[in-house]
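The structure appears right after this line, and notes come after that.
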Amino acid sequence: MHLEEMKNEIGSLVLEKGFYNNREDIPKKLLFAFVELGEASDAWKKGAAEEKIAEELIDVIFYLLDASRLACPSVNMDKAFEKKLIKNRCRPYQYGEGHRNK
Ligand SMILES: [Mg+2]
């Protein structure tokens, strides 16, 4: 399943479950993504099974794609991902991590 397909699936799930679904809800969804990141970090720190950590990381993806559905509906997230991947690949070695060698 690709990002656009996932985004559409999340959109139908949101409607089916009556979750927040307005542009004003975007900050909440981004906050929930942070909460899920915290849950993933906590699971890792507690030595949880990899499946549990993966589940929390998937929750992050859910909220990010859900936010993207409302914040930038005209953007194809598959194409946006490919564009960003190329941009990052063009960056120098250890871009932004030069402090590690000091
Ligand atoms: Mg969770």
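Structural remarks
- Take the conditions (1) within 27 Å of residue 8 (Cβ to Cβ); (2) more than 12 Å from the chain's Cα centre (by Cα); (3) not in a loop (DSSP other than H, G, I, E, B); residue 99 misses just one of them, which is (1).
- Taking region 1-96 and the helices (runs of 4 or more DSSP H) fully enclosed by it, the elements with 3 or more residues that are among the β-branched types (Val, Ile, Thr) and within 14 Å of the ligand (Cβ to nearest atom) are at 50-71.
- Selection status of residue 100, on the phi < 0 side of the Ramachandran plot, at pLDDT below 95 and out of contact with any Lys or Arg (no Cβ under 9 Å at 6 or more places or on another chain): yes
- Contact map, region 43-59: first residue more than 22 Å from residue 3 (Cα to Cα), second residue assigned to a helix (DSSP H, G or I) and within 11 Å of the ligand (Cβ to nearest atom), Cβ cut-off under 8 Å, separation 6 or more or different chains; pairs are 43/52; 43/53; 43/56; 44/53.
The values are calculated or read from the model by the stated rules, or taken from the named source; none is laboratory data. For clarity, every value in this text was computed on a predicted model and none was experimentally measured. Note: ideal-geometry Cβ built from the backbone for every residue, glycine included; neighbour counts use all protein chains shown.
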